[in-house]
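The values are calculated or read from the model by the stated rules, or taken from the named source; none is laboratory data. This is a predicted model, so every value here is computed, not measured. No Cβ is skipped: glycine too gets one built from the backbone with ideal geometry, and neighbour counts run over all protein chains shown. Only protein heavy atoms, including side chains, enter the accessible area calculation; ligands, DNA and RNA are left aside. Shrake-Rupley method; radii C 1.70, N 1.55, O 1.52, S 1.80 Å.
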Amino acid sequence: MNPFQPFGLKRVINASGKMTALGGSAVQPEVAQAMAEAAQDYVEIDQLLVAAGREIAKATGAEDGCPTTGAAAGMAIATAAVIAGTNLQRIEQLPVSAGLPNEIVLQKGHAVHFGAAITQMIALGGGKPVEVGHANHTERAHFEEAINERTAALLFVQSHHAVQKGVQSLETLRDIASARGIPLIVDAAAEEDMRKYVALGADLVCYSGGKALGGPTSGFVCGRKDLIEACRAQYKGIGRAMKVGKEAIVGLLTALRQYGESEEAGESQKRRMEQFLALLEGVPGIKGGIARDESGRAIYRAKLEIDPAKAGLTAKQLIRQLESGDPAIYTRNHYSNVGIVFVDPRPLLPDQECIIAERIRDIVTGGITS
Ligand SMILES: *Cc1c(COP(=O)(O)O)cnc(C)c1O
């Protein structure tokens, strides 16, 4: 069954990752059912937001939490919260923030693009991003010297998109922020560990509900009680343009309750990819292996090295063939320019790895290159 077929869309097999361009996550049946039931009924939204805060607190170890449409909205709302607090006049004037402390200080290597620019999300919340240091080198002094009476918060981006070397650590930013009496915001959108950054002392942490958590398109901010109350208050301001529905909130909370019950995930992913590679044995010009995620997360992917001389086509040609078929197959292609294609087991539905293996075999042995 392809739910998008009535609208003229072909089936997609996602071997790429939790990609917004492919719809984020496919949720578990329990999550889908909770969402369907919530969609068909009513609730007091203010109370739902408070109850969601309790659930998010339980899952993250934070004092409180606030659901959002995604981590990007979380960044805009967290920014607005540190600038306007719960002051209604300020909430209603954002994103116009002239005269208010509105500077959000981050290191240049953290000014990432995740499909959109994080600095734009800061601006949506009324913040003025202040990038310090250099693309691959930031010192503590860069932060110390940038802080002044207009500073609203420091921002740390924990992400595979961010520069990993030559940057100041989260602990250093936390120490600077607390010594200067300003909050530290962390963007941990795609991170698996829902407790780590709160435990390290961040004041607000933004997560995506549709990435590691495997929930619906949604997200949350968690952290300090007073700041989370300020986050919720932004739904009378810029947050209204990012309204999160009851069904998404209930889906998010259901996914949060289930999260962590599958600690075995890494090992079973590895086994599944080994079975996938076995199906490709004997296909000329394709060398398979298992590769762990480069940011150290317990994610194991199949790594296919394509030798064009033997396979008769390049990695990019293979990718084009896979994407243009029906079903369309999307692999993980960050290294396609050096002839490497990854297959990510996390978003695959049962047995889809067999369809992918069969298709690769057909493409390579069928000699299709265009
Ligand atoms: C994906 C991502 C976001 C945006 O998350 P959404 O839930 O899609 O809004 C923000 N920051 C980083 C670092 C990301 O990887």
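Note the angle between two axes, namely the Cα long axis of helix 71-84 and the longest principal axis of the Cα atoms of the chain, as a number of degrees from 0 to 90, rounded to the nearest 10.
10 degrees
To the nearest 10 square angstrom, what accessible area does M121 show with a 1.4 Å probe?
We get 20 Å² for M121.
Just to make sure I understand: if all protein chains stay in place, what is the order of T68, T254, T20 by accessible area at 1.4 Å, largest first? Kindly include the intermediate steps, with their values, before the conclusion.
On the way: T68 0, T254 30, T20 120 Å².
Of T68, T254, T20, the descending order of accessible area is T20, T254, T68.
Within the chain, which is the longest segment containing none of the GluC sites (Glu not before Pro) that sit in a DSSP loop and have at most 13 other Cβ atoms within 10 Å?
On the way: sites that count: E44, E149, E261, E263, E264, E281, E294.
The answer is 150-260.
Just flag the trypsin sites (Lys or Arg not before Pro) in the range 183-245 sitting in loop per DSSP whose Cβ has no more than 15 other Cβ atoms within 10 Å.
Values: sites: R195, K196, K211, R224, K225, R232, K236, R240, K243; in loops: R195, K211, R224, K243.
Loop-located and lightly packed - R195, K243.
Could you sort D203, D362, D46 by accessible area so the largest value comes first, with the probe set to 1.4 Å? Please report the intermediate quantities before stating the final value.
Values: D203 25, D362 85, D46 115 Å².
The residues order as D46, D362, D203, largest area first.
Have a look at S336, A309, P6 and report the one farthest towards the positive end of the charge dipole of the chain, computed about the Cα centre with Cβ charges (Lys/Arg +1, Asp/Glu -1).
Going by the charge dipole, the pick is A309.
Of S25, S178, S218, which has the largest mean-square fluctuation in a 10 Å C-alpha GNM of the chain?
S178
Kindly work out what percent of the DSSP beta bridges joining two residues of the chain are antiparallel, to the nearest 5. Display every interim value, and only then the final one.
Working: 24 of 43 bridges.
Among the beta bridges of the chain, antiparallel pairing accounts for roughly 55 percent.
Write out the cysteines belonging to the chain for which the nearest other cysteine Cβ is not under 4.7 Å, or none if no such cysteine exists.
C206, C222, C354, each lacking another Cys Cβ under 4.7 Å.
Cα axis of helix 29-39 to longest principal axis of the chain: angle in degrees, 0 to 90, nearest 10?
50 degrees
Return, for the Cα atoms of the range 42-258, the radius of gyration and Dmax in Å, separated by a comma.
15.9, 52
Starting from 0 in steps of 5 Å, tell me what percent of the Cα-Cα pairs of the range 15-138 lands in each bin.
2, 9, 12, 16, 17, 17, 14, 7, 4, 1, 0
When the Kirkwood hydrodynamic radius is evaluated over all pairs of different C-alpha atoms of the chain, what value in angstrom, to one decimal, is obtained?
The answer is 22.0 Å.
Distance from the Cα centre of the range 43-58 to that of the range 65-90, in angstrom?
First find each Cα centre; the distance between them is then 16 Å.
If you find the alpha carbon centre of the range 171-204 and of the range 128-169, how far apart are they in angstrom?
Cα centres, the range 171-204 to the range 128-169: 13 Å.
Using 0.36 nm times the number of residues separating A36 and Q164, minus their current alpha carbon distance, what extension gain do you get? The partial results should precede the final answer.
Working: separation 128, 0.36 × 128 = 46.08 nm, distance 4.05 nm.
Length gained, A36 through Q164: 42.0 nm.
Of K165/K316; K287/K316; K196/K316, which sit over 26 Å apart, Cα to Cα?
K165/K316; K196/K316
Where is the GNM fluctuation largest for the chain (alpha-carbon springs, 10 angstrom cutoff): A116, A291, A146?
A116
Expressed as an acute angle from 0 to 90° and rounded to the nearest 10, what is the orientation of the C-alpha long axis of helix 45-60 relative to the principal long axis of the chain?
70 degrees
Rolling a 1.4 Å sphere over the protein heavy atoms, what is the accessible area per residue of the range 42-258, to the nearest Å²?
Details: 8920 Å² over 217 residues.
The answer is 41 Å² per residue.
So, with a 1.4 angstrom probe, what is the percent of accessible area on the range 42-258 that is carbon and sulfur?
Numbers: 4430 of 8920 Å².
It is 50 percent, rounded to a whole number.
How much of V82 can a 1.4 Å solvent probe reach, expressed as accessible area in Å² and rounded to 10?
Per-residue accessible area (V82): approximately 30 Å².
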